[in-house]
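See structure below.
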Amino acid sequence: MLALLVLVLAGCDPETEGKVRYKPVLLPVSLTVGPDGVAVEGETSFITPIGEFSIGAQYSLPPRDGSTIYVLLRDRKKGKTGFDRVFRVQSGRDQLTVVVNGTTTIQVKDGQVLIDITGGTVKKVQFKRVDQATVKESGDSLWGKTGAKWSQGWASSLYTPFVLTRWAYDDSTIDKWYGLGFIWFLIRLALALVLLIVDLVLSSIFLVAQIAYLIFGATGRNVVWGVAILLGIMIVAGTRRLLY
């Protein structure tokens, strides 16, 4: 009973003398990702669907004020180029973090957060209020800054690890089309295994580039990319000489 009382009082805000107002840590709304797409659970007035936009297309989101954030759910396997499904979340004046599958927490930056749902591992997205003192402390720490820069590096990278394998592999057709779906699954599986070799090479290169970005910034990452391209050209040229 004492522990419950402490938890309740921790979520209360004083409004007037002798009165308290309970303020839940989690917003009463969430996004669920399933085979049929993305659904809104809970109080739908907190979330407004904005629309779907092709990845790489030059699109602009409607202006937002300090009481809203944008959540982008990115599915690289949808369509030819992949799509971003955009939602506007009403946060009030509270700062929010995004909780994925109940454990992974993603920091909201500049009023916007991008979540990649391509691999199918993301099932539920929730929104949690953040105490201002906690935000300042974690944001000013070396670990917080390093984590933010690491995430920023991948967000601006030309490639993310094993994206080709994830694109090729799909087991959703195994029991469809009277056996043809299983054959199509085997073809995609074989392609995924071939692309896995390419992914291993590219992931190693881009991991080194990511570390360079963490230490030296965008210039260091560009140097790693440039050296990798030059080595690739030299390997191709050397192979052609041996063959011809």
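The values are calculated or read from the model by the stated rules, or taken from the named source; none is laboratory data. From a predicted model like this one, the values you see are computed outputs, not experimental measurements. Positions of Cβ are backbone-derived with ideal geometry, glycine not excepted, and every protein chain shown enters the neighbour counts. For accessibility, only protein heavy atoms count, side chains too; no ligands or nucleic acids. Shrake-Rupley method; radii C 1.70, N 1.55, O 1.52, S 1.80 Å.
Mean-square fluctuations from a GNM of the chain, with a 10 angstrom spring cutoff on Cα atoms, peak among Ser60, Ser204, Ser156 at Ser60.
At a probe radius of 1.4 angstrom, the accessible area of the chain per residue rounds to 67 square angstrom. The DSSP beta bridges internal to segment 37-128 are antiparallel in roughly 85% of cases. Surface composition of segment 163-244: carbon and sulfur make up 77 percent of the accessible area, probe 1.4 Å. Tally up the carbon and sulfur contribution to the accessible surface of segment 69-129 as a whole percent, 1.4 Å probe, everything protein left in place. C and S atoms contribute 45 percent here. In this structure, the pairs whose alpha-carbon distance is over 30 Å, taken from Lys109/Lys176; Lys80/Lys145; Lys77/Lys124; Lys78/Lys109; Lys124/Lys145, are Lys109/Lys176; Lys80/Lys145.
Site pair Val194 and Met234 shows an inter-label distance of 2.9 nm when each label is modelled 7 Å from Cα along Cα→Cβ.
With R₀ set to 22 Å, the beta-carbon distance separating Ser45 from Thr68 gives a calculated FRET efficiency near 0.95.
The calculated FRET efficiency for the pair Asp110 and Thr173, based on their C-beta separation and a Förster distance of 41 Å, comes to about 0.55.
Taking the chain as a Gaussian network of alpha-carbon nodes connected by springs under 10 Å, the highest mean-square fluctuation of the residues Asp84, Asp110, Asp36 belongs to Asp36.
Grab the DSSP H runs of the chain that are 4 residues or longer, score each as -39,500 (n - 2.57), total them, divide by all residues and round the 222 nm result to the nearest 500 deg cm²/dmol. Please report the intermediate quantities before stating the final value.
Working: 6 runs with 101 residues, N = 244.
Calculated at 222 nm, the ellipticity per residue is -14000 deg cm²/dmol.
Solvent-accessible surface (1.4 Å probe) assigned to Leu73 amounts to roughly 0 Å².
Report the one residue of Ala237, Gly179, Thr160 whose Cα lies farthest in the direction of the positive end of the charge dipole of segment 160-244 (charges on C-beta: Lys and Arg +1, Asp and Glu -1; origin at the Cα centre). Ranked along the dipole, the leading option is Ala237.
Using the Cβ-Cβ distance between Lys124 and Ile187 with R0 set to 41 Å, the FRET efficiency works out to roughly 0.80. The magnitude of the dipole of the chain, with charges of +1 and -1 set on the Cβ of Lys/Arg and Asp/Glu and taken from the Cα centre, is near 660 debye.
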